[in-house]
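Have a look at the structure below before the remarks.
The values are calculated or read from the model by the stated rules, or taken from the named source; none is laboratory data. None of these values were measured; they are calculated from a predicted model. Here Cβ is always computed from backbone atoms with ideal geometry, including for glycine, and neighbour counts include all displayed protein chains.
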Amino acid sequence: DTEVTQTPKHLVMGMTNKKSLKCEQHMGHRAMYWYKQKAKKPPELMFVYSYEKLSINESVPSRFSPECPNSSLLNLHLHALQPEDSALYLCASSQDYYQPQHFGDGTRLSIL
Amino acid sequence: GESVGLHLPTLSVQEGDNSIINCAYSNSASDYFIWYKQESGKGPQFIIDIRSNMDKRQGQRVTVLLNKTVKHLSLQIAATQPGDSAVYFCARVGSGGSNYKLTFGKGTLLTVNP
């Protein structure tokens, strides 16, 4: 079992819906990450939080809105998504940038 | 530019054989390299890492070799088992400035035949 927990595992939503993806870790890691992974492709970085502050936004469209309520939780708020946003969304955490990132099993998102 | 790439997209081996997965990188400022294993329907799983001040690191049945002269990284899996079948990614974390993000290579699909 992964030490990074993501919910829900699967999500189907329409283009006008608002939903949120959740990620939780209790390893005391101070860096948390969101990645997007399309089929047969490597994960692509979206956002990095360090000590609960956003440190990297990889030019992600504003329809994706990250939030870090505390050191253990990371959310990704979704609004007005497009069909091309259908993908596996992965959360990861690490003690710092030069330690291994530990990944959750992701949320499989489908946009109708 | 920066990139982390793989020589072969697929690798098929017989159970019990040794597997070697290769990776090339183009940015000499890389400080830290990681190998991940991703099984179908799961997130990437950390296998082993190596820092740029090392040439070799060993784990349980796995060895990572780093050749900084030719900017090449390899993952060796000894006595490959069916449970090793997965996509393997090399990844790097750069040094300095905003380069500390993790960048993945394209991935190699390893298939182990019984």
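Scan (1) within 14 Å of chain A (Cβ to nearest Cβ); (2) of a type in the set (Ser, Thr, Tyr); (3) farther than 27 Å from A:GLY106 by Cβ; (4) under 10 Å from the mean Cα position of the chain (by Cα) for the single condition B:SER52 breaks and write down its number.
(4)
So, restricting to strands (runs of 3 or more DSSP E) that lie completely within the stretch B:8-114, which ones have at least 1 residues that are buried (at least 18 other Cβ atoms within 10 Å of the Cβ)?
B:10-14, B:19-25, B:30-38, B:45-51, B:62-67, B:72-77, B:86-94, B:102-104, B:108-113
Is there any pair with a first residue in the stretch A:1-29 that is farther than 23 Å from A:ASN70 by Cβ and a second that is hydroxyl-bearing (Ser, Thr, Tyr) and surrounded by fewer than 17 Cβ atoms within 10 Å (Cβ to Cβ) whose Cβ atoms are under 6 Å apart and which are 6 or more apart or on different chains, and what are they?
A:VAL12/A:SER110
Do we have B:VAL112 as within 13 Å of chain A (Cβ to nearest Cβ) and at negative phi here?
Against the criterion (within 13 Å of chain A (Cβ to nearest Cβ) and at negative phi), B:VAL112 does not qualify.
Can you name the residue in the stretch A:76-87 that is without any contact (Cβ under 8 Å) to a residue 60 or more places away in the chain and buried (at least 20 other Cβ atoms within 10 Å of the Cβ) and, of all such residues, is nearest to the other protein chains (Cβ to nearest Cβ)?
A:ALA87
Could you run through the stretch B:26-49 and say how many residues are over 24 Å from A:ALA39 (Cα atoms), of a type in the set (Gly, Ala, Ser) and within 14 Å of another protein chain (Cβ to nearest Cβ)?
Total satisfying the criteria: 2.
All but one of (1) within 14 Å of chain A (Cβ to nearest Cβ); (2) without any contact (Cβ under 8 Å) to a residue 12 or more places away in the chain hold for B:CYS23, so report the exception by its number.
(2)
Here is a check on your reading of the model: is A:SER62 out of contact with any helix residue (DSSP H, G or I) (no Cβ under 6 Å at 6 or more places or on another chain) and either surrounded by 14 or more Cβ atoms within 10 Å (Cβ to Cβ) or of a type in the set (Phe, Trp, Tyr) (or both)?
Criteria not met by A:SER62.
So is B:LEU66 touching a His at 6+ places or on another chain (Cβ under 9 Å) and within 21 Å of A:TYR97 (Cα to Cα) or not?
The answer is yes for B:LEU66.
When you go through (1) within 15 Å of the chain's Cα centre (by Cα); (2) of a type in the set (A, V, I, L, M); (3) within 28 Å of B:THR10 (Cβ to Cβ); (4) assigned to a loop (DSSP other than H, G, I, E, B) one by one for A:VAL60, which number turns out not to apply?
Going through the list (1) within 15 Å of the chain's Cα centre (by Cα); (2) of a type in the set (A, V, I, L, M); (3) within 28 Å of B:THR10 (Cβ to Cβ); (4) assigned to a loop (DSSP other than H, G, I, E, B), A:VAL60 breaks only (3).
Exactly one of these conditions fails for A:VAL48: (1) among the β-branched types (Val, Ile, Thr); (2) within 14 Å of chain B (Cβ to nearest Cβ); (3) more than 12 Å from the chain's Cα centre (by Cα). Give me its number.
With (1) among the β-branched types (Val, Ile, Thr); (2) within 14 Å of chain B (Cβ to nearest Cβ); (3) more than 12 Å from the chain's Cα centre (by Cα) applied to A:VAL48, the lone miss is (3).
What single numbered condition from (1) surrounded by fewer than 15 Cβ atoms within 10 Å (Cβ to Cβ); (2) assigned to a strand (DSSP E or B); (3) without any contact (Cβ under 8 Å) to a residue 24 or more places away in the chain fails to hold for A:LEU45?
With (1) surrounded by fewer than 15 Cβ atoms within 10 Å (Cβ to Cβ); (2) assigned to a strand (DSSP E or B); (3) without any contact (Cβ under 8 Å) to a residue 24 or more places away in the chain applied to A:LEU45, the lone miss is (1).
Condition test on A:LYS9, is it within 13 Å of chain B (Cβ to nearest Cβ), closer than 20 Å to B:GLN45 by Cα and modelled with pLDDT under 95?
no
Quickly run through the stretch A:101-112 and pick out the residues that are within 10 Å of another protein chain (Cβ to nearest Cβ) and either touching a helix residue (DSSP H, G or I) at 6+ places or on another chain (Cβ under 8 Å) or buried (at least 19 other Cβ atoms within 10 Å of the Cβ) (or both).
A:GLN101, A:HIS102, A:PHE103, A:GLY104, A:ASP105, A:GLY106, listed by residue number.
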